[in-house]
Amino acid sequence: MRDREISISCETGIITYHLERKRVKNLNLRVRRDGQVFVSAAPIVPIGRINAFVMEKAAFIRRAQERFARMEQKTERPLPEISDEACRAAFTEIMERVYPAFQAYGIPMPALRIRNMRSRWGSCLYGKGIITLNKQLARKPEACIEYVVVHEFCHFLVPNHSRDFYALLSRHLPDWKERRDRLNREEPETEQSQESGQRAGTGTQNESPERIDS
Ligand SMILES: [Zn+2]
């Protein structure tokens with residue numbers, strides 16, 4: 001039986017696992033030496049229960065992947081690649097969860113772009129209804145991804161980083177500072193910031209990121 005590949009967003013970032021349905025008594029999870037995660041479950045076990053099980057094991061999975069990656073250091077094997085599809089699925093899920101609070105302001109559901117960016121976690125082209133998220137977010141805790149999403153949604157209402165912006169952000173995500181700090185802790189030189197509004201208004205400065213200073 002062919003296995004299915006499933007991606008879920010957890011505390012340690014997005015985890016992709018191969019689900020094998022077979023006649024086993026328990027839920028079994030193993031991490032292969034190449035970092036791939038395999039779960040076997042009986043056909044009757046609901047997918048929600050399997051996902052919850054994988055989430056509970058998120059820290060274990062990450063530790064095992066890191067351990068295997070260290071063992072393979074001679075060949076410099078990186079952590080397993082997270083596919084664009086997996087990123088899109090996980091980021092979309094978070095955007096859909098956040099959206100209702102902003103739908104109330106009459107904002108249409110933004111389009112999602114995913115890119116590898118060096119100095120920004122996300123950006124918002126509010127005139128075009130586009131939110132761009134950094135693919136590297138896939139390795140971050142879900143709470144941090146949610147922070148970036150809410151931050152970018154707030155730009156549809158306040159396009160700058162004024163006092164009004166932070167008041168709005170605090171209203172929608174009271175603990176945003178902790179989440180931001182957690183996001184940036186691992187990579188202190190990479191601050192979250194985004195394109196400053198309409199391209200027309202920023203000339204050729206699009207590539208030079210605007211930093212969040214608060
Ligand atoms: Zn911003």
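The values are calculated or read from the model by the stated rules, or taken from the named source; none is laboratory data. Here the structure is a predicted model, which means the values were calculated and not measured. Cβ atoms come from the backbone with ideal geometry, glycine included; neighbour counts cover every protein chain shown.
Of all residues in region 143-150, none satisfies being farther than 21 Å from Ile14 by Cβ and within 15 Å of the ligand (Cβ to nearest atom).
Selection within region 119-131: residues that are without any contact (Cβ under 8 Å) to a residue 60 or more places away in the chain and at negative phi. The member of this set that is nearest to the ligand (Cβ to nearest atom) is Ile131. Checked against (1) within 11 Å of the ligand (Cβ to nearest atom); (2) at pLDDT below 95; (3) surrounded by 16 or more Cβ atoms within 10 Å (Cβ to Cβ), Arg211 meets all criteria but (3).
Against the condition over 24 Å from Ala138 (Cα atoms) and surrounded by 12 or more Cβ atoms within 10 Å (Cβ to Cβ), how does Asn51 come out, does it pass? Here the answer is no, as Asn51 does not meet what is asked. Applying the criterion of being modelled with pLDDT of 95 or more and within 15 Å of the ligand (Cβ to nearest atom) to the residues of region 99-118, the residue that is surrounded by the most Cβ atoms within 10 Å (Cβ to Cβ) is Pro110. Residues satisfying the criterion are absent from region 74-86 (criterion: modelled with pLDDT of 95 or more and either under 16 Å from Thr16 (Cβ atoms) or within 16 Å of the ligand (Cβ to nearest atom) (or both)). Taking region 6-43, which residues are exposed (fewer than 14 other Cβ atoms within 10 Å of the Cβ) and either within 21 Å of the chain's Cα centre (by Cα) or not in a loop (DSSP other than H, G, I, E, B) (or both)? Across region 6-43, the qualifying residues are Asn28, Arg30.
Scanning region 151-174 for residues that are away from the ligand (no atom under 11 Å from the Cβ) and out of contact with any helix residue (DSSP H, G or I) (no Cβ under 8 Å at 6 or more places or on another chain) turns up Arg163, Asp164, Ala167, Arg171, Pro174. The set of residues in region 125-169 being hydroxyl-bearing (Ser, Thr, Tyr) and touching a strand residue (DSSP E or B) at 6+ places or on another chain (Cβ under 6 Å) consists of Thr132 alone.
When Ala59 is tested against (1) exposed (fewer than 13 other Cβ atoms within 10 Å of the Cβ); (2) assigned by TED's automatic domain parsing to the domain that holds Leu173; (3) in a helix (DSSP H, G or I), just one condition goes unmet, and that condition is (2).
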